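Read through the structure below, which is laid out as structure tokens, and then see the notes.
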Amino acid sequence: MIRRTGPKAGLDPPAVVTAGAGLADEVGFTNLTMGMLAERVGVRTPSLYKHVGGQEDLNRRIADRALGEAADAVGAAFQGHAGRDALAAAARAFVLAHPGRYAATIGTEPSGPGDPLAVAGQRLLDAFTAVLRGYRIPEPDVGHALRTLRSLCHGFATLQADNGFQWSSGIDESFE
């Protein structure tokens, strides 16, 4: 006789997303599957659907979480710093620590201004805008500066996280 005990104790949507984000950091975001996640949390794959709506929903929730965590990390990294020091403190930390969940944020579009992705994305944008204030950039140019900063941070940190600078040491010196 099969005994049904209900959902696994302690498993809820936030716990599933936390486990998924951690697994994405370990195996890579594009390699993350519901099956892998189910194995990680100790349930069968169909049981995950009680907590998330499927792979796409899980991916969006990981992206939302990652954007919020990145905003917190950037904000914390430049507390008490300004200008160049703030930029150096904030630029790479999150991507290097969480490459899988950072990858979830690339190309995931918010459905509208109230979407948690949009809110979290705005928090991150605000954190980087605060870093740029130390440079006295004219207001019409802030958007361009943000794109340049994001490109620099994304490119450098993604290459570093993927071991893309194999030909030399001194990665920190290069970034500086």
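The values are calculated or read from the model by the stated rules, or taken from the named source; none is laboratory data. Keep in mind it's a predicted model, so treat the numbers as computed, not measured. Glycine gets a Cβ as well: all are built from the backbone with ideal geometry, and neighbour counts include every protein chain shown. For accessibility, only protein heavy atoms count, side chains too; no ligands or nucleic acids. Shrake-Rupley method; radii C 1.70, N 1.55, O 1.52, S 1.80 Å.
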request  = For helix 116-133, report the angle its Cα long axis makes with the longest principal axis of the Cα atoms of the chain; keep it between 0 and 90° and round to the nearest 10°.
outcome  = 20 degrees
ask   = Say the dipole of the chain comes from +1 at the beta carbon of Lys and Arg and -1 at that of Asp and Glu; which of PRO14, GLY68, HIS144 then lies farthest toward its positive end?
value = PRO14
note = Given unit charges at Cβ for Lys, Arg (+) and Asp, Glu (-), the dipole magnitude of the chain about its Cα centre in debye, nearest 20, is 660 debye
key: From phi via Karplus (6.51, -1.76, 1.60), per-residue ³J(HN,Hα) for segment 64-75 in Hz, x at Gly/Pro   = 4, 4, 4, 4, x, 5, 5, 4, 5, 5, 5, x
query = With all protein chains present, how much of the accessible area of the chain (probe radius 1.4 Å) comes from carbon and sulfur, to the nearest whole percent?
reply = 54 percent
Fluctuation leader among ALA70, ALA104, ALA38 - the chain, Gaussian network, Cα springs under 10 angstrom = ALA38
query = Which entry is the computed volume of the Cα convex hull per residue in Å³ for this structure: [x] 144; [y] 105; [z] 134?
reply = [z]
remark   = Expected max-MSF residue from GLN55, GLN122, GLN166 in the GNM of the chain (alpha carbon, under 10 Å) is GLN166
key: Helix-only mean residue ellipticity at 222 nm for the chain, each DSSP H run of n ≥ 4 adding -39500 (n - 2.57), per residue, nearest 500   = -19500 deg cm²/dmol
